[in-house]
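*Asks:* Sharing a structure below in structure tokens format, with a few things to ask.
Derivation of every value follows stated rules applied to the coordinates shown; laboratory data play no part. Bear in mind that the values here come from a model prediction, so they are computed numbers and not experimental data. All Cβ positions, glycine included, derive from the backbone under ideal geometry; neighbour counts span all protein chains shown.
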Amino acid sequence: MSGEIAFLSERDGNCEIYVIDLTDNSQKKLTNNSAYDGEPDWSPDGRWIAFDTNRDGNYEIYIMDFDGGGVLNLTQSPQREREPDWSPDGSMIAYEAGDSQETLEIYIMDADGANRRRLTNNPFPDRAPAWSPDGRRIAFMSKREGRWQIYVLDLESGTTSQITNHPDDCRFPTWSPDGRYIAFNTLTDEPGDNVGQIWVVDADGTNPRMLTRLDRDGRNGRPAWSPEGTKIVFNSNRDGDYEIYIMDMDGANPQRLTYSARDDYQPDWSE
């Protein structure tokens with residue numbers, strides 16, 4: 001395997017961003033402050049990592065160099081801004097923003113923080129945008145039908161299509177590099193039942209299939225595709241605390257990557 005995986009870790013007692021080099025499994029800490037740093041997202045060229053942090057008091061979207069330098073606050077707003085996702089050409093960043101958890105909507109902005117535009121506007125929260133590889137659509141999770149489900153917004157027409165209709169919450173969509181599939185995780189959070197699974201669905205919402213298997217009291221979540229689209233990285237607490245795992249795109253051959261005394265999660269894969 002090759003490439004690098006950025007992820008959040010609590011191994012030093014605080015939420016910081018780390019990177020694994022898959023050629024030798026070496027790990028490097030990129031951020032180091034007393035605030036929360038999380039939700040890392042690689043730019044398409046691998047030069048930058050967007051992330052969210054509350055180091056200035058409220059959650060904002062920042063970027064930094066691939067080695068942790070050149071940190072820059074892009075949003076500088078009183079709103080809560082989180083979950084950045086680069087456009088395929090690297091010119092824009094999508095993210096969620098709102099005054100509270102219940103008023104979140106999907107926004108986009110230029111990669112330097114200019115020209116902020118709101119894309120969704122409804123009474124229920126919209127979260128976790130994910131740009132399609134062709135740059136024409138954005139997948140996101142929304143609670144507009146009572147539970148979190150996956151939707152896709154067509155940027156040209158402005159129309160929104162519901163992709164999942166699952167009895168459990170469907171969260172954190174991510175497109176395959178060829179645009180044919182969307183991976184996401186479900187979450188059952190009923191009394192006595194706390195299970196999260198990784199699923200893949202065709203981009204039009206057909207042919208859903210579950211890739212992971214945990215019977216009870218375990219969560220698989222936050223899937224992200226490898227650059228060539230043959231593997232999926234995700235976090236799981238199947239062995240106790242949250243660690244980073246990879247598997248084939250059909251769910252076969254799961255492999256654990258991190259062995260930390262504290263949680264590692266929110267992975268994102270770069271070439």
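*Asks:* Compute the signed sum of charges (Lys and Arg +1, Asp and Glu -1) over the other residues within less than 10 Å, Cβ to Cβ, of TYR59.
*Replies:* It works out to a net charge of -4.
*Asks:* Here is a further query. Would you mind working out the magnitude of the charge dipole of region 4-270 relative to its Cα centre, with +1 at each Lys and Arg C-beta and -1 at each Asp and Glu C-beta, to the nearest 20 Debye?
*Replies:* With Lys and Arg at +1 and Asp and Glu at -1, about 360 debye.
*Asks:* Also, quick follow-up: Rounded to the nearest 0.05, what FRET efficiency do ARG144 and GLN76 have when you use their Cβ-Cβ distance and R0 = 45 Å?
*Replies:* For ARG144 and GLN76, the calculated efficiency is 0.95.
*Asks:* Which length gain, in nm to one decimal place, applies between MET1 and ARG116 when the Cα-Cα distance is subtracted from 0.36 nm times their residue separation?
*Replies:* Details: separation 115, 0.36 × 115 = 41.40 nm, distance 3.72 nm.
Taking MET1 through ARG116 to full extension adds about 37.7 nm, to one decimal.
*Asks:* On alpha carbon coordinates alone, what is the Rg over Rh value for the chain, Rh being the Kirkwood radius?
*Replies:* Across the chain, the Cα-based Rg/Rh ratio is 0.93.
*Asks:* Once the other residues with Cβ under 12 Å from the Cβ of LYS28 are scored (Lys, Arg +1; Asp, Glu -1), what is the net sum? Walk me through the intermediate numbers first.
*Replies:* Numbers: positive: LYS29; negative: GLU4, GLU16, ASP21, ASP24, ASP67.
Every neighbour counted, the sum reads -4.
*Asks:* How much length, in nm to one decimal, is gained on full extension between ASP134 and GLN101, taken as 0.36 nm per residue of separation minus their Cα-Cα distance?
*Replies:* 8.9 nm is the gain from fully extending ASP134 to GLN101.
*Asks:* Test of understanding: what is the full-extension gain from ASP24 to ASP178, defined as 0.36 nm times their sequence separation minus their Cα-Cα distance? Before the final figure, lay out the partial values.
*Replies:* Numbers: separation 154, 0.36 × 154 = 55.44 nm, distance 2.73 nm.
Answer, rounded to one decimal: 52.7 nm.
*Asks:* Looking at the chain as a GNM with Cα springs under 10 Å, which of GLY196, GLY113, GLY69 has the largest mean-square fluctuation?
*Replies:* GLY69
*Asks:* On a C-alpha basis, how far is the centre of region 74-141 from the centre of region 253-271 in Å? Whole number, if you could?
*Replies:* Measuring centre to centre over Cα atoms gives 25 Å.
*Asks:* What net charge do the residues around MET141 carry, taking every other residue with its C-beta under 9 Å from that of MET141, with Lys and Arg at +1 and Asp and Glu at -1?
*Replies:* Net charge in that neighbourhood comes out at +1.
*Asks:* Quick one: order CYS170, CYS15 by neighbouring beta-carbon count within 10 Å, fewest to most.
*Replies:* CYS15, CYS170
*Asks:* Compactness ratio of region 174-271: Cα Rg over 2.2 N^0.38 Å, N = residue count?
*Replies:* 1.04
*Asks:* Continuing with the same structure: Would you grab the residues whose amide H sits under 5 Å from the one on ARG137? Only those 5+ places off in sequence or on another chain, please, with H modelled 1.01 Å from N.
*Replies:* Placed amide hydrogens put SER132, LEU155 under 5 Å from ARG137.
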